[in-house]
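The values are calculated or read from the model by the stated rules, or taken from the named source; none is laboratory data. Predicted model only: the values in this text are computed from it and were never measured. Positions of Cβ are generated from backbone atoms using ideal geometry, with glycine treated the same way; all protein chains shown enter the neighbour counts. Surface accessibility is based on the protein's heavy atoms, side chains included, excluding ligands, DNA and RNA. Shrake-Rupley method; radii C 1.70, N 1.55, O 1.52, S 1.80 Å.
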Amino acid sequence: MTYFADKSALVADIFSRYPDSPQGRRSALMPLLREVQDAEGFVSEARMAEIAVLIGTTATEVRSVMSFYSTYHTVPTGKYHLQVCSTLMCALAGSDELWDHLVETLDVQPGEVSPDGRFSVQKVECLGSCGTAPMLQINDDGYYENVGPGKCARILADLRADRQPLPDNPVPVTVTAEGRQVMANGQTVGTSLTGLGGGTV
Amino acid sequence: MKVTVDGHELDLPAGTSAIDAVFGAGGDVPYFCAHPYLSPVGACRMCLVESGSPRKNPDGSFVMEGEGDAAKPKIFWFPKPMASCTMQATEGMHIRTAKTSEVVAKAQAGMMEFTLLNHPLDCPTCDKGGACELQDRAFEYGYGASRFGFDRRHADKHYPLSDFVILDQERCIHCKRCVRYFEEVPGQEVLDFIERGGHTFIDTEEGGLPLGFQGNITDICPVGALLDNVARFRGRNWEYDHTPTTCTLCSVGCSITADARNGRLERVVARENRDVNEAWICDAGRFGHPFASEERLTTPLIRNEDGQLVPATWDEAITAINRGLAGLSLADLGLFTGSEATLEEGAALEALADVLQTRHVDHSPRQAVDIAPTATLTDVAQADFVAVIGADLGEEAPVLELRILEMLRGGLLPPEFAHGTAIADLRLVERPARQPERLAVIGAESRLWEHAGHRISANGRDALARLTRPDTDALKAVGEALTKAERPVLVLGADALNGASGSFAATLSDLAGRTGAKVMAIPAGPNSRGLSALNLVPRAGGLGLDRLSEVPAAFISRLNPGLRARGFTVVHDTHLTATAQLADVVLPAVTNYEKRGTTVNLEGRLLPLNPAAIQAGEAADLIRTLTALAEALGVKAPVRGLRGAQTLLASRLGLKLDSLPAGGVIHRLPRAHTAPAQPHTPRLWTERMVRRDQDWVDRIADLTQGGWTLPVAPTAPQPGGDD
Ligand code: SF4
Ligand code: SF4
Ligand code: FES
Ligand code: FES
């Protein structure tokens, strides 16, 4: 069964965002991939081929674009896809230990799904939450920050019971007042997403 | 446009890239990703130079430097080295290469260090060793040492992309040449970079590379990452005898280099010929050569009393022929040859036929009509409309297909400089826009079909007639496009030419005349154009190859109709074919890889053949074999050697064949001789061209049991020495 066969309205909507030309149609690649990934958790070879036909290119090109991003998966993921940031800040704060712990206790390696179908793991590059290292992201749902051994155990216990704890920061990530950098004159840096505004802390 | 390279000023045409400016000045820049027939992308960062340009004041005058008469426009240098392959040289530009700039030398050495960061350096076992850009450039431009002490990344080795192409992912330096080649040249995007960053590798998701033009990536890969699996592990570059010659599997006549080692033809690679194949050849030409060294006939065979073919000497064979033909009138001996025979061989055959007064002369395959070509391959590439009628180019003339695809992307031919084809033609772009509306394919479905804007299923035989009197809207559209086009070309293939009658030529010239189209008809065989110009067709009352079984006696060279003549039959061939097994005497022949001579391609271009060093025992070419045949018949052979054949051709066809330029030369041959012919289906890959499954065990057994001769010093006493 093809995925888009009964979704012509959706496909037409995606195509309508791009110029009506061969190049324009190719640009629809990413939203189509996203669509499949969200629905099925990964993009299989059959889906790559299907998308290739839709946008008038080859499966090789689809795979090439797709494999450029760590957010698309070629293999099935678990119900909870745990993404551990392993870039420098998190590494300094213990992300390696966190990773080892997850891999050991869940008995799952990258590319695998744990026997109960719940967990899969992936190392990712900086998720931009270095101030709260080590951190992990579960699915697209949000950031779990300062994940030490205790917090990790609590999160895993909840997930095993299929009660996903609320993330510390839902995606898109907001920046709390404490998380903000302050300049020498006391001015906070950057603009706030949450409307916390500038001024001194 | 004046450009100064390392202090030398030179004059260059506008649009020249900086890398070509340097080569134009006789300088050198190392490069990996640039390729004359591919878009420049600046992927390898090796071709760095320092560059600077004069700058103008708001009033239009140059910013000057110096006082009075010594004042010169001040050169503003880019703050960092630039990739010269993607930079256009501009008026007044100054360029400094590693020769004069320490910055460049250091940058290139650093780049080299970086490229070698993860490279496995298996030069001692790598097939590319000795012809590897990376090896050479690392030696010339590298530091000779690395500051990276950690372990190299490891990736898949011996990863088959197809039966013919093996990828070593570790050796890939990500120059993207192979990716660009598939996108830009055959228009099949089946290779791409997978993953990103330090893990990037080349792969295909299509389940393998398409057969047709895949082998070219093994030529253009600057390192040993993509290797020709037929030639892999069969020799090192410096061990091969490289023979520049011409491929005669089809009538395009691509320039190739035949690489032989220890008397075996081990590898065929493409050789640049701007007018014919540019830098490409087809897969049959590249991978189909093993037959030249496998199961060859090396001595004559004669049939003994028990009816068995047994090895014999040439003298015995001549005696056997003499005995077998005794009492036969010489005029009853039929002379037949395959269409890949050279012009010289054809001349010798024709001359002998004249002496014997035989009417049974033929070459095969051939067509019943002769359509003189008026288009060259360059005309095809630069046409603004091409109609392909009744042709399956994949089987008939593959590289012509590439030239048509070149036309679809604008027909940009890279300029030529004294240093050769432009290394980086800045007009070539990645993912070029194609204009499918410029191509019409009329006939059966073929590979070219998917690139064509006009696709018309038709019976090839009446396609031309229908095009002259269009009966459908689609055909009308093609007719209109032909009329509107300024440089249209008509390509005719076997389906259109098979069984064509006299009126065909008239219809065609009428259509061509009306539309101003140039014509390229694909000959039936590799050199049928040349052989038809000699009178190698059945003479009045003569029997052609299709009536071989009625001919009283025959000499058949390199043809395998699976029949024999009514009477005594002599077969001259490279292998013991079905026909040879029926013969009374079999004479060993040489392949076209081992001949010296001339062939005529589909444009009417004379192209030279040169002999590669292949062991073929006592095999002989057609000229020498005919001399032996004449001896058996008791007549004096009119042509006894290449020189004699060329002299004859000079007087008959006005050809000067002893001094052909390497790229060949177009020669309008006089009227061709034609006769009714059997329709034929062109097939590029013949059975014997497919290598039998021979695995390593067999190969090693081969080696140890003397199938190969190892290069050992001769046992004869060496001259000189102390003792
Ligand atoms: S690709 Fe070149 S540098 Fe690399 S191992 Fe082979 S010969 Fe050596
Ligand atoms: S396989 Fe060869 S041609 Fe292709 S990107 Fe790698 S080095 Fe370049
Ligand atoms: S290093 Fe982990 S979020 Fe940036
Ligand atoms: S960057 Fe590769 S040749 Fe210029």
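So, in segment B:280-294, of the ones that are part of a helix (DSSP H, G or I) and farther than 25 Å from B:Leu377 by Cα, which residue ends up farthest from the chain's Cα centre (by Cα)?
Going through the qualifying residues, I end up with B:Ser293.
Would you check which residues across segment A:64-86 are open to solvent by 20 Å² or more (accessible area, probe 1.4 Å) and aliphatic (A, V, I, L, M) and list them?
A:Val65, A:Val75
Of all the residues that make up segment B:209-228, how many are assigned to a loop (DSSP other than H, G, I, E, B), more than 16 Å from ligand 1 (Cβ to nearest atom) and not small (Gly, Ala, Ser)? Step through it out loud before you land on a result.
As a first pass, look at segment B:209-228 and keep what is assigned to a loop (DSSP other than H, G, I, E, B): B:209-215, B:221-225.
Next, only the ones that are more than 16 Å from ligand 1 (Cβ to nearest atom) stay: B:209-215.
Still in the running and not small (Gly, Ala, Ser): B:209-211, B:213-214.
Matching residues across segment B:209-228 total 5.
Taking the residues in segment B:133-151 that are in contact (Cβ under 8 Å) with a residue 24 or more places away in the chain and within 16 Å of ligand 4 (Cβ to nearest atom) as candidates, determine which candidate is most open to solvent (accessible area, probe 1.4 Å).
Result: B:Glu140.
Residue under question is B:Leu167, and the condition is that it be open to solvent by less than 30 Å² (accessible area, probe 1.4 Å) and within 14 Å of another protein chain (Cβ to nearest Cβ); does it hold?
Yes.
Of these, B:Phe32, B:Phe114, B:Phe76, which one is open to solvent by 60 Å² or more (accessible area, probe 1.4 Å), of a type in the set (A, V, I, L, M, F, W, C) and away from ligand 3 (no atom under 16 Å from the Cβ)?
The unique qualifying residue is B:Phe114.
What are the residues in segment A:109-145 that are more than 18 Å from the chain's Cα centre (by Cα) and at pLDDT 90 or above, if any?
Across segment A:109-145, the qualifying residues are A:Ser114, A:Pro115, A:Asp116, A:Gly117.
Taking into account only those residues within segment B:5-29 that are touching a helix residue (DSSP H, G or I) at 6+ places or on another chain (Cβ under 9 Å) and in contact (Cβ under 8 Å) with a residue 40 or more places away in the chain, which is nearest to ligand 3 (Cβ to nearest atom)?
Going through the qualifying residues, I end up with B:Val29.
Take the conditions within 14 Å of another protein chain (Cβ to nearest Cβ) and either within 16 Å of ligand 4 (Cβ to nearest atom) or not acidic (Asp, Glu) (or both) and apply them to B:Phe193. Does it pass?
Yes: the conditions hold for B:Phe193.
Identify, by number, the condition in (1) over 18 Å from A:Ile155 (Cα atoms); (2) touching a residue at least 24 places away in the same chain (Cβ under 8 Å); (3) more than 13 Å from chain B (Cβ to nearest Cβ) that A:Val84 doesn't meet.
(1)
Take B:Met93 and tell me if it is open to solvent by less than 70 Å² (accessible area, probe 1.4 Å), within 16 Å of ligand 2 (Cβ to nearest atom) and of a type outside the set (Ser, Thr, Tyr).
Spelling it out, it is not the case that B:Met93 is open to solvent by less than 70 Å² (accessible area, probe 1.4 Å), within 16 Å of ligand 2 (Cβ to nearest atom) and of a type outside the set (Ser, Thr, Tyr).
Being assigned to a loop (DSSP other than H, G, I, E, B) and either more than 10 Å from every other protein chain (Cβ to nearest Cβ) or within 11 Å of B:His174 (Cβ to Cβ) (or both) is the filter here, so list the residues in segment B:197-208 that pass it.
Across segment B:197-208, the qualifying residues are B:Thr200, B:Gly208.
Do any strands (runs of 3 or more DSSP E) lying entirely in segment B:521-612 carry at least 1 residues that are open to solvent by 20 Å² or more (accessible area, probe 1.4 Å), and which ones are they?
B:605-609
Of all residues in segment A:22-54, how many are of a type in the set (A, V, I, L, M), away from every other protein chain (no Cβ under 12 Å) and assigned to a helix (DSSP H, G or I)?
Residues that pass the stated criteria total 8.
Which one of B:Leu117, B:Leu134 is within 14 Å of ligand 1 (Cβ to nearest atom), touching a Lys or Arg at 6+ places or on another chain (Cβ under 9 Å), part of a loop (DSSP other than H, G, I, E, B) and of a type in the set (A, V, I, L, M)?
B:Leu117
Can you tell me which condition A:Tyr18 does not meet? The list is (1) farther than 25 Å from B:His174 by Cβ; (2) open to solvent by 40 Å² or more (accessible area, probe 1.4 Å); (3) in a helix (DSSP H, G or I), and all the others hold.
(3)
Of the residues B:Arg434, B:Arg469, only one is farther than 30 Å from B:Val22 by Cα, in contact with a Lys or Arg (Cβ under 6 Å, 6 or more places away or on another chain) and open to solvent by 30 Å² or more (accessible area, probe 1.4 Å); which?
B:Arg434
Between a residue in segment B:507-519 that is at positive phi and any residue that is surrounded by 19 or more Cβ atoms within 10 Å (Cβ to Cβ), which pairs come within a Cβ distance under 8 Å, given they are 6 or more apart or on different chains?
Every condition considered, the pairs that remain are B:Gly516/B:Pro488.
Criterion first (within 12 Å of chain B (Cβ to nearest Cβ) and in contact with a Ser or Thr (Cβ under 8 Å, 6 or more places away or on another chain)) does A:Val62 satisfy it?
Against the criterion (within 12 Å of chain B (Cβ to nearest Cβ) and in contact with a Ser or Thr (Cβ under 8 Å, 6 or more places away or on another chain)), A:Val62 does not qualify.
Would you point out the residue of segment B:96-128, among those that are more than 16 Å from ligand 2 (Cβ to nearest atom) and of a type in the set (Lys, Arg), that is farthest from the other protein chains (Cβ to nearest Cβ)?
B:Lys99
Is one or more of the residues making up segment B:353-364 outside any loop (DSSP other than H, G, I, E, B), open to solvent by 10 Å² or more (accessible area, probe 1.4 Å) and more than 30 Å from B:Ser651 (Cα to Cα)? Steps first, answer last, please.
Initial filter on segment B:353-364 (outside any loop (DSSP other than H, G, I, E, B)): B:353-356, B:361-364.
Next, only the ones that are open to solvent by 10 Å² or more (accessible area, probe 1.4 Å) stay: B:354-355, B:364.
Next, only the ones that are more than 30 Å from B:Ser651 (Cα to Cα) stay: none.
Scanning segment B:353-364, I find no residue that is outside any loop (DSSP other than H, G, I, E, B), open to solvent by 10 Å² or more (accessible area, probe 1.4 Å) and more than 30 Å from B:Ser651 (Cα to Cα), so the answer is no.
Exactly one condition in (1) in a helix (DSSP H, G or I); (2) more than 16 Å from ligand 3 (Cβ to nearest atom); (3) more than 24 Å from B:Phe193 (Cα to Cα); (4) open to solvent by 40 Å² or more (accessible area, probe 1.4 Å) is not met by A:Met89; state its number.
Condition not satisfied by A:Met89: (2).
Sort out which residues of segment B:5-19 are farther than 21 Å from B:Met112 by Cα and open to solvent by less than 20 Å² (accessible area, probe 1.4 Å), and write them in order of number.
Residues satisfying the conditions are B:Val5, B:Leu12, B:Thr16, B:Ser17.
Looking at segment B:211-226 only, could you name the residues that are open to solvent by 20 Å² or more (accessible area, probe 1.4 Å) and at pLDDT 95 or above?
B:Asp219
Among the residues of segment B:96-111, write down those that are closer than 20 Å to B:His8 by Cα, assigned to a helix (DSSP H, G or I) and open to solvent by less than 80 Å² (accessible area, probe 1.4 Å).
Going residue by residue through segment B:96-111, those that are closer than 20 Å to B:His8 by Cα are B:96-105.
Okay, now just the ones that are also assigned to a helix (DSSP H, G or I), so B:102-105.
Passing the criteria: B:Val103, B:Val104, B:Ala105.
Regarding segment B:229-238, can at least one residue be identified that is over 24 Å from A:Thr74 (Cβ atoms), away from chain A (no Cβ under 14 Å) and in a helix (DSSP H, G or I)?
yes
For B:Leu393, which of the numbered conditions (1) hydrophobic (A, V, I, L, M, F, W, C); (2) in contact with a Leu (Cβ under 8 Å, 6 or more places away or on another chain); (3) over 26 Å from A:Gly56 (Cβ atoms) fails to hold?
(3) is the only condition that B:Leu393 fails.
So how many residues does segment B:74-95 have that are out of contact with any Ser or Thr (no Cβ under 9 Å at 6 or more places or on another chain) and within 15 Å of B:Val3 (Cβ to Cβ)?
Number of matching residues: 0.
Filter segment A:133-168 down to residues that are open to solvent by less than 50 Å² (accessible area, probe 1.4 Å) and of a type in the set (S, T, N, Q) and give me whichever is nearest to A:Glu40 (Cα to Cα).
This residue is A:Asn139.
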